[in-house]
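The next block holds one structure in the form of structure tokens; read it before the comments.
The values are calculated or read from the model by the stated rules, or taken from the named source; none is laboratory data. Quick caveat: nothing in here was measured; it's all calculated off a predicted structure. Cβ atoms come from the backbone with ideal geometry, glycine included; neighbour counts cover every protein chain shown.
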Amino acid sequence: MNVSGKYKILIADDDVVIIKEIMRVLIKNPDYLILTTANGKSACEIANAELPDLIILDWQMPVMDGIEATMELKRNEATKEIPIIISSGIMIDASDLDTALTAGAVDYLRKPVNEIELTARVANMLRLSNAHSVIRKQNLELQNQLTSKLINIQQLNELKNAVTKNMCLLKEQVSVEVDQQIKDIILKTERLLYSKSFEINWGDFESNFEFIYQGFYKKLHNLHSNFTTNELRICTFIKLNLTSKEIALITYTSPDSVNTSRKRLKKKLGLLPGENLQIFIRNL
């Protein structure tokens, strides 16, 4: 739904009579804003610029047909979530329906258009579009929360590094003869910093991550069943496109240690020396 409160519906058909018929039905609803074009290529261009709530594509069109346009729209990050209805008066067999759905369409409309069927299918698809919008908004909010949590973890570990450094300096300056108790307190503080600072933050962070990237850990375990907790966390941070240096700061390790873990991950995942671990994990 655009800023005016209307749903944008893009219709692509090289038959002017069909476009007029679809428009005649849809303009009865004052909440619909209709956009039209005559081929799949321009439909993709308009969709990318206007981001309609629904697209109705004729199967057979010049320049680019409806199936080709559907696949192109699904490859585009900006338009891949827009519901698409394929329409046709010729390609009406069950195998044609399967072809359309495989390409990425979510519904199929036979021509000549039936007014009741068209109205119902459009309403259903717009409800689907609304649902996708809500999910995208929720995911964006959760991604922002993940970013915030990462920043908090980084800041906490930076503080931990600074405190640990100061503790080491202080420990060197305190003689055993003067106060062994002070050294004991320093040692306990160092252990507390090391053991708790990251774990406190991981639970909520992991829950949010799993909600956004559902199935990610399952895909990893399908590839290899014996990942360590540390390796799973590194996979998580690689999925979020963090560098080895950033991962090292978050996990309180060295960049060299992270790079060693990445090499072990490549071996467990069966990647060849030339294959990129970052790209592989981001595509899961």
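Out of the stretch 212-257, which residues are more than 14 Å from residue 281 (Cβ to Cβ), assigned to a helix (DSSP H, G or I) and β-branched (Val, Ile, Thr)?
Those that are more than 14 Å from residue 281 (Cβ to Cβ), assigned to a helix (DSSP H, G or I) and β-branched (Val, Ile, Thr): 212, 229, 250, 251.
With respect to residue 244, determine if the residue is surrounded by 12 or more Cβ atoms within 10 Å (Cβ to Cβ) and either out of contact with any helix residue (DSSP H, G or I) (no Cβ under 6 Å at 6 or more places or on another chain) or not aromatic (Phe, Trp, Tyr) (or both).
Against the criterion (surrounded by 12 or more Cβ atoms within 10 Å (Cβ to Cβ) and either out of contact with any helix residue (DSSP H, G or I) (no Cβ under 6 Å at 6 or more places or on another chain) or not aromatic (Phe, Trp, Tyr) (or both)), residue 244 qualifies.
Per-residue answers, yes or no, for (1) among the hydrophobic types (A, V, I, L, M, F, W, C); (2) part of a helix (DSSP H, G or I); (3) at pLDDT 90 or above:
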residue: 2; (1), (2), (3): no, no, no
residue: 5; (1), (2), (3): no, no, no
residue: 9; (1), (2), (3): yes, no, yes
residue: 18; (1), (2), (3): yes, yes, yes
residue: 21; (1), (2), (3): no, yes, yes
residue: 24; (1), (2), (3): no, yes, yes
residue: 33; (1), (2), (3): yes, no, yes
residue: 42; (1), (2), (3): no, yes, yes
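Among the residues of the stretch 97-122, which ones are closer than 21 Å to residue 73 by Cα and out of contact with any strand residue (DSSP E or B) (no Cβ under 7 Å at 6 or more places or on another chain)? Give the steps one after another, and end with the answer.
Start the filter on the stretch 97-122 by keeping residues that are closer than 21 Å to residue 73 by Cα, which leaves 97-109, 121-122.
Those that are closer than 21 Å to residue 73 by Cα and out of contact with any strand residue (DSSP E or B) (no Cβ under 7 Å at 6 or more places or on another chain): 98, 99, 101, 102, 103.
If I ask for residues that are buried (at least 18 other Cβ atoms within 10 Å of the Cβ) and among the acidic types (Asp, Glu), which ones from the stretch 1-36 would you list?
Matches in the stretch 1-36: 13 only.
Every residue, every condition in (1) surrounded by 13 or more Cβ atoms within 10 Å (Cβ to Cβ); (2) modelled with pLDDT under 70; (3) aromatic (Phe, Trp, Tyr), yes or no:
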position	(1), (2), (3)
127	no, no, no
137	no, no, no
151	no, yes, no
169	no, no, no
186	yes, yes, no
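One residue is enough: does the stretch 37-53 have a residue meeting the conditions assigned by TED's automatic domain parsing to the domain that holds residue 81, buried (at least 16 other Cβ atoms within 10 Å of the Cβ), among the aliphatic types (A, V, I, L, M) and over 29 Å from the mean Cα position of the chain (by Cα)?
Among the residues of the stretch 37-53, at least one is assigned by TED's automatic domain parsing to the domain that holds residue 81, buried (at least 16 other Cβ atoms within 10 Å of the Cβ), among the aliphatic types (A, V, I, L, M) and over 29 Å from the mean Cα position of the chain (by Cα), which makes the answer yes.
Taking the stretch 75-96, which residues are closer than 12 Å to residue 55 by Cα and in contact with a strand residue (DSSP E or B) (Cβ under 7 Å, 6 or more places away or on another chain)? Spell out how you get there, then give the answer.
As a first pass, look at the stretch 75-96 and keep what is closer than 12 Å to residue 55 by Cα: 79-87.
82, 83, 84, 85, 86, 87 - these are the residues of the stretch 75-96 that are closer than 12 Å to residue 55 by Cα and in contact with a strand residue (DSSP E or B) (Cβ under 7 Å, 6 or more places away or on another chain).
For the stretch 83-122, enumerate the residues that are free of Cβ contacts under 8 Å to residues at least 24 places away in the same chain, within 26 Å of the chain's Cα centre (by Cα) and surrounded by 13 or more Cβ atoms within 10 Å (Cβ to Cβ).
101, 106
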